[in-house]
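A.B. asks: Sharing a structure with you now.
Taken together, the values in this text are just the output of simple stated rules run on the coordinates, not laboratory data. Here the structure is a predicted model, which is why all the values come from computation and not from measurement. Methodologically, a virtual Cβ is constructed for each residue, glycine included, from the backbone with ideal geometry; neighbour enumeration extends over all protein chains shown.
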Amino acid sequence: MLAYMALLFVLATLPDTGSLVDLMRVIPASLQNLAHVPAYGFLALLWIIALKNRGMAHQGSLVLAPFLASTYGALTEICQIWATGRFPSVSDGLLDIVGSLLFVSIYQMPGLPRYGLNVMRKPEP
């Protein structure tokens, strides 16, 4: 999870110097912004796994995970203040929140496969 969070941070704070970011200009801005939804939704799912592996109750992890993912999204947006050519965006922060809540909601839908998310190791005494 920490590696994924580091990847999100690096991508969020890449300076817009015209080199690597030029590759991103091929993708329309609206699609780039929508990438926040799955990116932070997946982070929320990783938080659920981490919290449950640490012994947190299922319901507690469902509440705390989207909060932690959204907070991290807000912090990465704020850090864009210091990245050349980048700026924080309220809409990106809102998309982070939508993604984390959406993925946790989908995760809770009955009948969907959990791919091992429900089977977590028991905390050691």
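A.B. asks: Starting at the first residue of segment 76-81, write each ³J(HN,Hα) from the Karplus equation 6.51 cos²θ - 1.76 cosθ + 1.60 with θ = phi - 60°, in whole Hz, x for Gly and Pro.
C.D. replies: Coupling constants for segment 76-81: 5, 5, 4, 5, 5, 4 Hz.
A.B. asks: What is segment 29-108 by shape, rounded, prolate or oblate, if you read a ≥ b ≥ c off the alpha carbon gyration tensor as root eigenvalues and call it rounded for a/c under 1.5, prolate for a/b larger than b/c, and oblate otherwise?
C.D. replies: In terms of gyration-tensor shape, prolate.
A.B. asks: What number comes out for the charge environment of PRO88, summing +1 per Lys or Arg and -1 per Asp or Glu over other residues with Cβ under 15 Å away?
C.D. replies: -3
A.B. asks: Would you mind checking which residues have amide H under 5 Å from ARG86's amide H? H placed 1.01 Å from N; only 5 or more apart, or other chain.
C.D. replies: Sorted by chain and number, the residues that satisfy this are ASP16.
A.B. asks: If each of LEU64 and TRP82 carries a label point 7 Å out from its Cα toward its Cβ, how far apart are those two points in nm?
C.D. replies: 2.8
A.B. asks: Calculate, in nm to one decimal, what ILE27 and ALA50 gain on full extension: separation in residues at 0.36 nm each, minus their alpha carbon distance.
C.D. replies: Using 0.36 nm per residue and subtracting the Cα-Cα distance, I get 5.0 nm.
A.B. asks: Just add up the charged neighbours of GLY73: K/R +1, D/E -1, any other residue whose Cβ is under 9 Å from the Cβ of GLY73.
C.D. replies: Overall, the nearby charge balance is -3.
A.B. asks: If you plug each phi of segment 35-46 into the Karplus form 6.51 cos²θ - 1.76 cosθ + 1.60 with θ = phi - 60°, what whole-Hz ³J(HN,Hα) values come out, in order, with x for Gly and Pro?
C.D. replies: Whole-Hz 3J(HN,Hα) from phi for segment 35-46: 5, 4, 4, x, 4, 8, x, 5, 4, 4, 5, 5.
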